[in-house]
Structure formats: C-alpha cells, structure tokens
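What follows is a short report on a single structure.
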Amino acid sequence: MSETHIVDGEALQFRNLKYSDLGPIAALNLRAFQDSETYQWRFRGVSSAALVAIVKHFGRKAYLDPHVNCKVAYTSSHPYLGFLAYEQLPPAKLSYYEKFIKWVNSLYERFLYWWYDASAVKRRMQYNEVQYGTMLYKTGLLAQPNGFLHVHLISVNPDIQKKGVGKAILNIVHRDADKYRLPCFLVASTAGFGMYEHLGYRTIATTELRDDETGELVKLSSGMIRDAKKD
Ligand SMILES: CC(C)(COP(=O)(O)OP(=O)(O)OC[C@H]1O[C@@H](n2cnc3c(N)ncnc32)[C@H](O)[C@@H]1OP(=O)(O)O)[C@@H](O)C(=O)NCCC(=O)NCCS
C-alpha cells in the first residue's frame, strides 16, 4: 500500500494528464524551470508567446505519445502542484494510427518553429536531443534485456517545493521500477541533482551542452541512474 502524502493539510493525489491540462501544465513548467540554464539557453531570444506555445507543444507531444505516462499532482484546493512524464524503454511497437498521430504532430511542431521564427530553438533542441541520446547510449541501458524507466520530466510548483511533492511524484516511477525490477534513468537539472542523489541515483554518464553561437559551455549534464531492486 502506498502512503498518502499530505501537503499543507491536504492529501496529495495524482491523475492522468488530460488535453485540457496542457495550458496550465505549460505554465507550471515554465515557472518551475525559469531558473534552469538549459531552458534559458534553449529559448533565448524567443517571444513569450512563442515560449508558451512551444512548451505547451512539448506537453502535447508527451500527451499524444502512447508510450509516455503523464501524471498531474494536485490537492483539493490546488489543481496543479506537479507534473511527471516517464516511459518504459525500449517502447512497444506503435500502431499505424499512433504513428500517424505522431507524424501529424511533428508537422505541427515544424509549423510552430516556422510561425514563431524560432529556428534557433529548433536547432538547440535537436542538438540537445542528440547529446542526451548519445549519453543514454553510452550508459549501456539500451542493451538491458528487460528495459528501463526513463523519467523525461518532473516539476513541482515553486510555491510548494521542498515539501516532499517531488519525492512523492518520483515514487510513482520507483514503485513501477521496484515492482518490475527495472533501473530508472534521467538527465538531472541543477535543481534536481541533489534530490536525485538523496533518493539513490548516481551519475552514470555526462555530456556537455555548448552554445551554438559562442561555443561556451551551457551545462555539463549528468545522466543519472537508480539501480534495479535486487531479489
Ligand atoms: C527538483 C524538484 C522536482 C524537487 O521537488 P521538491 O518537491 O522540492 O523536492 P522534495 O521536497 O520532494 O525533496 C525530496 C527529498 O529530496 C531532498 N532534497 C531536495 N533537494 C535536495 C538537494 N538539493 N540536495 C539534497 N537533498 C535534496 C529533500 O530534503 C527530501 O528529502 P527527505 O525525503 O529525506 O525529506 C523541484 O525543485 C522542481 O520542480 N525544480 C524545478 C524543475 C526541475 O529542475 N525539475 C527536475 C528536472 S530533471
């Protein structure tokens, strides 16, 4: 049985992401990641309208991907306290319909970058994905016979951080990981690194993110792993 976590006197609850949540979740993520050096670098120079539209699109991408589990954390008086997106890799095969939806969504993404004149964001996102993908490859996790759980994103409303919500959200992933004896992988933000170490993750690989215009180091990103539970 999982323990109920209490936040400001109310029980923390979780539900699956709904389409109508995409706006409020984008707003939550933008607030939570406003100090993140990777967010500031990825979105440098774009208008606030573009920022909201692109971050909302990332949520939509996760929502429309049948492999990605998206959870919203809330209490009876706070509808949006946190967000989680994670998936089990390697993924199961997509149906033709699911592939079609992904393709339409990728066209929409191209449209967004064009509409908001955000080719620099597109370039940085692609570079970012290649760097993280290469780091994941180096970990050897992709060769795990039973796969692993990849935490894509976790965020907690800044008004309610340091009250155990992040840990309660991650416990959703850890319960699955322990049940199926799977390792967990994530790329840590600066804000999340200490919490992940505290919760048993260790750095397994690192990668540099360098600015495309100045060549300066934006961040040395850590890929972290939580080992699978032993018998
Ligand atoms: C990172 C984040 C999710 C943490 O959420 P949170 O609700 O503030 O964290 P919690 O209160 O649940 O902390 C859980 C545990 O980790 C510990 N912890 C948290 N930050 C820590 C740190 N920097 N160093 C060491 N331990 C830390 C807490 O003390 C707590 O320990 P306990 O269970 O023994 O009491 C939140 O700060 C956030 O959303 N940040 C912005 C977005 C972000 O960077 N997300 C991570 C993306 S990889």
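The values are calculated or read from the model by the stated rules, or taken from the named source; none is laboratory data. All of these numbers come straight from a predicted model, not from anything done at the bench. Cβ atoms come from the backbone with ideal geometry, glycine included; neighbour counts cover every protein chain shown.
Annotations
- Cβ pairs under 6 Å, 6+ apart, first in the range 175-202 and over 12 Å from I225 (Cβ atoms), second near the ligand (Cβ under 7 Å from one of its atoms) and modelled with pLDDT of 95 or more: S189/S36; M195/G166
- Residues located in the range 47-73, provided they are over 16 Å from the mean Cα position of the chain (by Cα), touching a residue at least 40 places away in the same chain (Cβ under 8 Å) and surrounded by fewer than 18 Cβ atoms within 10 Å (Cβ to Cβ): S47, A49, A53
- Number of the condition not met by A92 [criteria: (1) among the small types (G, A, S); (2) under 30 Å from K229 (Cβ atoms); (3) part of a helix (DSSP H, G or I)]: (3)
- For L107, the stated conditions hold: it is over 21 Å from D231 (Cα atoms) and not charged (D, E, K, R).
- Test result for S106, out of contact with any strand residue (DSSP E or B) (no Cβ under 9 Å at 6 or more places or on another chain) and either not hydrophobic (A, V, I, L, M, F, W, C) or not in a helix (DSSP H, G or I) (or both): yes
- Candidate set from the range 163-220 (those that are on the phi > 0 side of the Ramachandran plot and away from the ligand (no atom under 13 Å from the Cβ)); member that is surrounded by the most Cβ atoms within 10 Å (Cβ to Cβ): R181
- Selection from the range 72-125 of residues that are among the basic types (K, R) and touching a helix residue (DSSP H, G or I) at 6+ places or on another chain (Cβ under 6 Å): K122, R124
- G223 meets the stated requirement of being modelled with pLDDT of 95 or more, of a type outside the set (F, W, Y), in a strand (DSSP E or B) and farther than 23 Å from R15 by Cα.
- The set of residues in the range 126-162 that are on the phi > 0 side of the Ramachandran plot and more than 15 Å from the ligand (Cβ to nearest atom) comprises G140, G147.
- Residue-level check: of (1) closer than 21 Å to T38 by Cα; (2) within 16 Å of the ligand (Cβ to nearest atom), R123 misses just (2).
- The condition (being out of contact with any Gly (no Cβ under 6 Å at 6 or more places or on another chain) and at pLDDT 95 or above) is satisfied by just one residue among P145, P158: P158.
- For the range 32-45, a residue qualifies if it is surrounded by fewer than 17 Cβ atoms within 10 Å (Cβ to Cβ), over 12 Å from K219 (Cβ atoms) and more than 9 Å from the ligand (Cβ to nearest atom), and the qualifying residues are R44, G45.
- Looking only at the range 118-137, and only at residues there that are loosely packed, with under 14 Cβ neighbours inside 10 Å and in contact (Cβ under 8 Å) with a residue 40 or more places away in the chain, the one that is farthest from I225 (Cα to Cα): R123
- Filter result (outside any helix (DSSP H, G or I), surrounded by fewer than 15 Cβ atoms within 10 Å (Cβ to Cβ) and in contact (Cβ under 8 Å) with a residue 12 or more places away in the chain) within the range 138-150: N146
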